[in-house]
Structures are given as structure tokens and as C-alpha cells.
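Right, one structure below, let's go through it.
The values are calculated or read from the model by the stated rules, or taken from the named source; none is laboratory data. Keep in mind the model is a prediction, meaning the values are calculated, not measured. Here the Cβ positions follow ideal geometry from the backbone for every residue, glycine too, while neighbour counts run over all protein chains shown.
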């Protein structure tokens, strides 16, 4: 049985569609469709059926999934065992990280890491959807809020602070809200995609519930552009807001939230030299930048 076909089959089973699997595998919809069709022809049975919410596994597909997941785990253990014995002490490490953390926090440190480890190639994966370590879409993941459900190992390495930010130009026109009632005189930039920003979106909606929603954005980059344009007040990560001198934080010692940052990896790979180098470096950076990540306000 072709392992690449099985890997594609697992991706479709997880995503519930050919298109979703293609995005995760970084390939095309027709390529995924052909791989599944070839596997079904080889096995002489249908593996998927169309349901109301996309593709669902048939009973035969469910049985194949059980075996394919065993194959995936065996492949992962084999790679780990060979690498751990010194046959490959260098290589590529895929690090899944949110685009905000990548751009505003980790990227400035990467030159230092690459200088220390010239034989380790880092691939930053900043896709908006969760990646799977089990399917080797990433080797290490940085996740916010929860550890996930892939039986990974790791720990919380920092806490990410969020606050409300507004442009200095907006403040010149409207001042700042100092009480709950005063929010009704202000405009807020809300979240269009509540699914990917669930905790932050709920917190923003609760605190600024009396404000007028001027517009909603689905990415933090667009929200940053909107707040810098003076459209309204916006909740965002402190590492983003604090990086721009034209923004000020609303009630910096009161209106703040914190989210856990988890650093996780597959237990069979965590001690490989390239993996350990990346894990130790990212952990050290988080420790060094503890206050900046939290958005701690220095006493004036």
C-alpha cells in the first residue's frame, strides 16, 4: 500500500473535504482526489461518502483509518530512532506559530539561532488552521489557550497579554474612555472571524459592549491598519500595539487579558538534536521576553 496515498487519505478524513486536505498537504485538489480514487480502486471499496457537512468515512474507511494511523505512528518512530542514533544530526524543523508571534516576537531572534545552528533549517508554518504534528505538517507547535488533542508533550512557556489600543490622532479627537459608561461615546473595531479569535473576540465584545462597532476585520494585520488609521479602538496583542509609537493603550493597568502560550512536540521526536535546539531556544526567548509578551507596563 502506498504510504503517500494513506497520508492523503488521513488528511481528507481529518479535513472532511478534498480542498481542506489539499491546503494542509500543500498540494492541489485534483491531486488529492486522484490519490483517494486510486486507493479506493486498489482496495475495491468506497472510503468516503458525501454528507451534509462534507465527506464522511464509510465503515470500510473507518477501518482503514485505524490501520493508517498505526502506519503513521510507526513511520514517526522509525524516523526518530534512526535520527537519534546519530545518522542525521542536522535537518529541517517545521515550527507552527501564529503570524503575530512570528513577526513581532520570534523573527527578531532568528538571526541569533541561525548563527548558533547553521545546519538547522527552520520552516515557519503560519497557516490559520491548526496543523497536525501526527501527520508531520509540523514538528513543533506554539499554541494559544490549549494544548490540543494529539497527545503531544511540552509545557506553557509564557503568557501573551492583550489590551485595547487606539491611535494618538483618535485620542486627540475623542479622548479615552475612563469608565464603563464612556465606552458608548466611542467606536470599536471588532472581530469578523470569531472562530479563530474566540477568546479575544469574547473579551473585546464584553468590555466594549457599549461602544459602536465601526467595522470588523478577520486578521490582526487589518485590525492594526484600521486602528492606526484612526477608525476606532481595537483589542490586540500587546506585542503588536506596544511596537507602534502612534498607538496608546486604553487603561493599561486595568484593561488587560492574558493567554497561555504552549510549546509542544511529538514525544518520539522531542529529543532529536535539531528539535531540541529549537525547543530550547524558543523557551529561552520566551523567558527573556516574559514581560514584553505579557505587555507589562513600566512604571512612569
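Out of 136, 143, 168, 173, report the one residue that is assigned by TED's automatic domain parsing to the domain that holds residue 257 and within 20 Å of residue 254 (Cα to Cα).
Being assigned by TED's automatic domain parsing to the domain that holds residue 257 and within 20 Å of residue 254 (Cα to Cα) holds for just one of 136, 143, 168, 173, which is 168.
Residues in the stretch 20-45 that are surrounded by fewer than 12 Cβ atoms within 10 Å (Cβ to Cβ) and either free of Cβ contacts under 8 Å to residues at least 40 places away in the same chain or in the same structural domain as residue 131 (by TED's automatic domain parsing) (or both): how many?
Here the count works out to 4.
Of all residues in the stretch 111-136 being surrounded by 15 or more Cβ atoms within 10 Å (Cβ to Cβ) and closer than 22 Å to residue 220 by Cα, which is modelled with the lowest pLDDT?
Among those residues, the one meeting the criterion is 130.
Can you work out which of the residues in the stretch 272-300 that are without any contact (Cβ under 8 Å) to a residue 12 or more places away in the chain and assigned to a helix (DSSP H, G or I) is nearest to residue 256 (Cα to Cα)?
Ranking the candidates gives 291 first.
So, in the stretch 4-19, how many residues would count as being loosely packed, with under 12 Cβ neighbours inside 10 Å and in contact (Cβ under 8 Å) with a residue 60 or more places away in the chain?
Number of matching residues: 0.
Select from the stretch 75-104 the residues that are modelled with pLDDT of 70 or more and part of a helix (DSSP H, G or I) and write down the one among them that is surrounded by the fewest Cβ atoms within 10 Å (Cβ to Cβ).
Result: 99.
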